[in-house]
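Structure record follows, encoded as structure tokens.
The values are calculated or read from the model by the stated rules, or taken from the named source; none is laboratory data. On a predicted model such as this, the values are computed, not experimentally measured, just so you know. Ideal geometry is used to build each Cβ from the backbone, glycine not excepted, and the neighbour counts take in all protein chains shown. These area figures cover heavy atoms from the full protein model, side chains too; ligands, DNA and RNA do not enter into them. Shrake-Rupley method; radii C 1.70, N 1.55, O 1.52, S 1.80 Å.
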Amino acid sequence: MSREMPRVVFTPSGKRGQVPAGTTVLEGARQLGVDLDSVCGGRGICSKCQISPGRGAFPKHGLSVAEDALSPLNDVERRYDEKRGLAPGRRLGCQARILADVVIDVPPESQLHRQVVRKAAEVRAVETDPATRLCLVEMAEPDLHAPSGDLQRLNAALADQWDLPPAACPLSVLSRLQPALRKGGWTVTLALHRGASGPEILDIWPGFFEAPLCGLAIDLGSTTIALHLTDLATGEVIASSGAMNPQIRFGEDLMSRVSYAMMNPGGAAEMTAAVRATLDGLAAGIATEAGIDPRCIVEAALVGNPVMHHLLLGIDPVELGQAPFALATSEAATLPAAALGIGSINPEARAYLLPLIAGHVGADAAAVALSEAPETSDDLTLIVDVGTNAEILLGDRTRVLACSSPTGPAFEGAQISAGQRAAPGAIERVRIDPETKEPRFRVIGCELWSDDPGFAAALGPAGVTGICGSGIIEAVAEMRMAGLVDGSGLIGSAAQTGSDRCRPEGRTQSYLLLAGAATGGRDIAVTQGDIRAIQLAKSALYAGARLLMDRRGVDRVDRVVLAGAFGAHISPLHAMVLGMIPDVPLDRVRSAGNAAGTGARIALCSVAARRLIEENVRRIEKVETAIEPRFQDHFVAANALPHASDPFPELARIAPLPRVDFNTGGSRGEGEGRRRRRPR
């Protein structure tokens with residue numbers, strides 16, 4: 001590519017284009033519709049436009065980023081760095097100029113419309129049996145005639161009063177033992193952890209200490225990270241926090257990150273450092289927000305897919321990118337939280353990582369299984385944790401199966417023409433009148449629909465900024481129900497649909513959701529490319545579920561559970577219209593919210609739950625979609641909306657779909673997708 005018009009890719013939005021060489025990153029972001037903040041008008045004063053340029057090979061984007069892809073640090077940036085400090089690798093977008101092909105990450109704090117991290121904690125009764133408890137111990141004073149160490153007499157008191165074997169005491173606690181004993185009048189409170197080899201003293205306080213011990217339940221997703229600060233004794237969530245996973249700048253999906261590690265020396269270490277720094281910052285922030293002494297946070301339970309798990313541990317994920325997808329370890333692990341870079345909590349805090357099921361089905365799926373307990377169900381239940389990489393469980397009392405399916409980032413709003421992450425101003429709900437073909441919508445941050453009085457005023461000056469994952473799913477499904485899209489996913493023309501919102505775009509059509517350009521905003525449309533991206537994502541999801549159903553020898557399931565931060569915001573009806581999930585009565589579809597986070601919280605608060613999931617994981621049968629011959633067949637058939645061959649009788653009862661065909665002008669039975677004719 002010529003350096004006169006370098007290519008630029010912005011993450012996490014996925015927006016890309018070409019800009020003239022010498023264009024500032026801020027100007028390039030504005031030209032491409034990227035959400036990059038700036039208050040000072042590009043004078044290098046406000047620092048709101050900070051960005052992180054990538055370096056090395058980015059196979060997914062077809063780019064290799066050279067060291068000199070951006071202009072060198074200039075005087076404005078150096079002065080800002082001296083006075084206020086720039087994080088390593090950061091640049092000011094208003095000062096850095098694009099000189100060659102580059103991948104640029106816009107961190108959350110630089111986004112004008114901040115991501116809404118929707119991994120809220122579900123209210124759930126948790127039977128607590130924490131690994132770390134407070135123990136009050138009264139012990140004898142030292143005796144000149146019976147000399148013994150303070151630690152030895154403390155262990156004798158533990159045996160006498162708590163019937164416990166001798167406890168290990170790390171040097172950091174041992175150094176504070178004697179002052180605590182004397183200040184407390186030979187009475188101390190211990191934070192005692194039940195380790196695999198016996199009890200361990202994690203902390204000590206003089207006298208009676210009654211502040212609650214807390215832990216962090218951490219869901220380390222490939223797109224977002226969620227933390228739930230939890231009272232270990234009660235299971236109550238005190239506070240929740242979250243952030244975008246900083247590894248997005250190395251690749252939106254898992255295989256892109258594995259490729260980055262393969263092709264860039266030190267790439268895996270870069271991603272490890274990035275995610276550890278974010279976890280530590282979130283832990284410090286949530287303690288401050290909740291008014292909790294970080295010293296009282298003594299446990300963490302972490303879940304994530306295998307790539308996230310290995311990168312967190314500092315293990316190169318290269319083996320997960322190629323058959324047989326071997327894990328470095330699949331067992332649960334307990335280790336110091338500080339070893340994972342989480343140093344802002346108690347220095348001796350312990351981290352528990354749930355077990356992994358297989359090379360592409362990780363601890364997050366294990367946490368979902370712990371939360372939803374399919375092995376206790378009389379109904380055959382399909383559990384779908386929807387995300388960039390979907391984990392799918394199918395089971396009942398007799399047998400539980402699991403697989404993963406690479407859905408990609410389209411459900412998160414990436415690879416969509418007007419797509420964005422879930423943030424204020426993003427369209428999240430869509431309805432289209434089947435008679436008039438006119439749309440109405442709701443955006444994040446506003447309770448009114450677009451046709452309600454006062455909508456524009458309630459929306460504020462920022463207006464509508466794009467469309468997020470739940471919005472694009474509903475838009476495509478509504479277009480199908482309104483007869484604007486046929487069973488093959490093709491958008492009809494204005495003449496075919498009777499709506500002038502359908503307008504030509506190259507050799508295909510698009511549907512105009514919002515005509516904003518006339519009033520200084522932006523037009524937001526659903527393009528043929530957008531529908532194709534959703535078809536690919538939903539086909540992968542359905543094909544994975546169908547493989548599990550094949551293995552069980554069934555064509556139907558009894559219940560469907562939508563899990564995950566994104567799954568919690570999917571309308572079951574619209575998901576079924578698209579064919580994301582198998583056909584079941586709508587009242588048999590429910591949302592489990594952030595089930596992986598709930599499973600992490602259960603494991604955080606219960607040693608018994610940890611043992612249970614470690615045993616159950618060994619019994620879950622893994623189906624590897626990457627090597628299953630029928631996956632491709634299922635994938636192709638699932639491209640139709642809702643499906644080329646599988647019947648959807650329950651859907652037909654509540655939402656019969658129009659029999660339209662914009663390929664031939666004819667009509668045919670629902671779901672009979674036909675290949676589009678090539679022009680002669």
Just give me the residues in region 421-449 being open to solvent by 30 Å² or more (accessible area, probe 1.4 Å) and within 21 Å of the chain's Cα centre (by Cα), in sequence order.
Pro424, Arg429, Gly445
When you scan region 341-349, do you find a residue that is closer than 24 Å to Asp550 by Cα and out of contact with any strand residue (DSSP E or B) (no Cβ under 8 Å at 6 or more places or on another chain), even just one?
no
Return the total of residues in region 154-206 being more than 17 Å from Val298 (Cβ to Cβ) and aromatic (Phe, Trp, Tyr).
2
Scanning for something more than 23 Å from the chain's Cα centre (by Cα), of a type in the set (A, V, I, L, M) and not in a loop (DSSP other than H, G, I, E, B), does region 319-335 turn up at least one residue?
yes
I'm told Val526 meets every condition in (1) within 16 Å of Glu412 (Cα to Cα); (2) of a type in the set (Val, Ile, Thr); (3) part of a helix (DSSP H, G or I) except one. Can you identify the failing condition by its number?
(3)
Of the residues in region 501-522, those that are at pLDDT below 95, on the phi < 0 side of the Ramachandran plot and not in a strand (DSSP E or B) number 8
Hey, could you check region 546-570 for residues that are out of contact with any strand residue (DSSP E or B) (no Cβ under 8 Å at 6 or more places or on another chain) and not in a loop (DSSP other than H, G, I, E, B) and say which is surrounded by the fewest Cβ atoms within 10 Å (Cβ to Cβ)?
Asp550
Could you list, in sequence order, the residues of region 220-238 that are open to solvent by 10 Å² or more (accessible area, probe 1.4 Å) and within 20 Å of Arg350 (Cα to Cα)?
Asp231, Ala233, Thr234, Glu236, Val237, Ile238
Failed item, numbered, when Glu27 is tested on (1) in contact with a Lys or Arg (Cβ under 8 Å, 6 or more places away or on another chain); (2) assigned to a helix (DSSP H, G or I):
(1)
Considering only region 284-295, how many residues are surrounded by fewer than 24 Cβ atoms within 10 Å (Cβ to Cβ), in a helix (DSSP H, G or I) and either of a type outside the set (Asp, Glu) or at positive phi (or both)?
7
Which one is most open to solvent (accessible area, probe 1.4 Å) among residues in region 180-214 that are assigned to a strand (DSSP E or B) and of a type in the set (Asp, Glu)?
Glu200
Residue match in region 17-40 (condition: under 14 Å from Asp101 (Cα atoms), among the basic types (Lys, Arg) and either open to solvent by 20 Å² or more (accessible area, probe 1.4 Å) or at pLDDT below 90 (or both))
no
Show the residue pairs meeting these rules: Cβ distance below 8 Å; 6+ apart or different chains; first residue within region 17-31 and within 18 Å of His61 (Cα to Cα) and without any contact (Cβ under 8 Å) to a residue 60 or more places away in the chain; second residue assigned to a strand (DSSP E or B) and open to solvent by less than 50 Å² (accessible area, probe 1.4 Å).
Gly17/Val8; Gln18/Val8
From the list Pro147, Pro165, Pro142, exactly one residue is open to solvent by 50 Å² or more (accessible area, probe 1.4 Å) and at pLDDT 90 or above. Which is it?
Pro165
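In region 609-640, what count of residues is obtained for those that are part of a helix (DSSP H, G or I) and open to solvent by less than 60 Å² (accessible area, probe 1.4 Å)?
Of region 609-640, the ones part of a helix (DSSP H, G or I) are 609-619, 625-627, 630-637.
Add one more test, that the residue is open to solvent by less than 60 Å² (accessible area, probe 1.4 Å), and what stays is 609-610, 613-614, 616-617, 625, 631, 634-635, 637.
Looking only at that region, the number is 11.
Of all residues being more than 21 Å from Ala592 (Cβ to Cβ) and open to solvent by 20 Å² or more (accessible area, probe 1.4 Å) in region 381-420, which is modelled with the lowest pLDDT? Just the residue, please. Working first, answer last.
Just the residues of region 381-420 that are more than 21 Å from Ala592 (Cβ to Cβ), to begin with: 398, 406, 408-410, 413-420.
Okay, now just the ones that are also open to solvent by 20 Å² or more (accessible area, probe 1.4 Å), so 398, 406, 415, 417, 420.
Numbers: Thr398: 95, Pro406: 81, Gln415: 75, Ser417: 86, Gln420: 80.
The extreme case among them is Gln415.
Condition first: modelled with pLDDT of 90 or more, charged (D, E, K, R), within 25 Å of Gln420 (Cα to Cα) and open to solvent by less than 50 Å² (accessible area, probe 1.4 Å). Can you find one or more residues in region 106-119 that meet it? Show your work before the answer.
Going through region 106-119, the residues modelled with pLDDT of 90 or more turn out to be none.
Among the residues of region 106-119, not one is modelled with pLDDT of 90 or more, charged (D, E, K, R), within 25 Å of Gln420 (Cα to Cα) and open to solvent by less than 50 Å² (accessible area, probe 1.4 Å), which makes the answer no.
Within region 41-55, which residues are in a loop (DSSP other than H, G, I, E, B) and either hydroxyl-bearing (Ser, Thr, Tyr) or open to solvent by 50 Å² or more (accessible area, probe 1.4 Å) (or both)? Steps first, answer last, please.
Let us first name the residues in region 41-55 that are in a loop (DSSP other than H, G, I, E, B), namely 41-49, 54-55.
Result: Gly41, Arg43, Ile45, Ser47, Lys48, Arg55.
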Would you point out which residue out of Glu299, Glu270 is under 19 Å from Ile345 (Cα atoms) and either in a strand (DSSP E or B) or open to solvent by 20 Å² or more (accessible area, probe 1.4 Å) (or both)?
Glu299
If Ala69 satisfies all but one of (1) without any contact (Cβ under 8 Å) to a residue 40 or more places away in the chain; (2) touching a Leu at 6+ places or on another chain (Cβ under 7 Å), what's the number of the condition it fails?
(1)
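So, in region 252-267, of the ones that are touching a Phe, Trp or Tyr at 6+ places or on another chain (Cβ under 9 Å) and open to solvent by 30 Å² or more (accessible area, probe 1.4 Å), which residue ends up nearest to Val361 (Cα to Cα)? Steps first, please.
From region 252-267, those touching a Phe, Trp or Tyr at 6+ places or on another chain (Cβ under 9 Å) are 256-257, 259-261, 263-264, 267; that's our starting set.
The next check asks that each one be open to solvent by 30 Å² or more (accessible area, probe 1.4 Å); those that pass are 259, 263.
Values: Ser259: 19, Met263: 24 Å.
Looking at residues that are touching a Phe, Trp or Tyr at 6+ places or on another chain (Cβ under 9 Å) and open to solvent by 30 Å² or more (accessible area, probe 1.4 Å), I get Ser259.
Go over the candidates Glu67, Glu77, Glu82, Glu4 one by one and state the one that is of a type in the set (Asp, Glu), over 30 Å from Gly469 (Cβ atoms) and open to solvent by less than 20 Å² (accessible area, probe 1.4 Å). Before the answer, list the steps.
Details: Glu67 fails: open to solvent by less than 20 Å² (accessible area, probe 1.4 Å); Glu82 fails: open to solvent by less than 20 Å² (accessible area, probe 1.4 Å); Glu4 fails: open to solvent by less than 20 Å² (accessible area, probe 1.4 Å).
One residue alone meets the criteria, Glu77.
For region 571-603, what are the residues that are over 23 Å from Glu375 (Cβ atoms) and open to solvent by 30 Å² or more (accessible area, probe 1.4 Å)? So that I can check it myself, show each step before the final result.
Step one: list which residues in region 571-603 are over 23 Å from Glu375 (Cβ atoms), which gives 571-580, 583, 585-587.
Pro572, Leu573, Pro585, Leu586, Asp587 - these are the residues of region 571-603 that are over 23 Å from Glu375 (Cβ atoms) and open to solvent by 30 Å² or more (accessible area, probe 1.4 Å).
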Region 360-472: strands (runs of 3 or more DSSP E) wholly inside it with 2 or more residues that are within 30 Å of Val617 (Cα to Cα) and β-branched (Val, Ile, Thr) are 381-385
Mind listing whichever residues of region 143-161 are under 17 Å from Gly207 (Cα atoms) and not acidic (Asp, Glu)?
Leu151, Arg153, Leu154, Asn155, Ala157, Leu158, Gln161
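Yes/no per residue for (1) in contact (Cβ under 8 Å) with a residue 60 or more places away in the chain; (2) under 30 Å from Ile627 (Cβ atoms); (3) open to solvent by less than 10 Å² (accessible area, probe 1.4 Å):
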residue	(1), (2), (3)
Pro453	no, no, no
Val485	yes, no, yes
Gln496	yes, no, no
Leu512	no, no, no
Ala517	no, no, no
Ile531	no, yes, yes
Ser539	yes, yes, yes
Gly544	yes, yes, yes
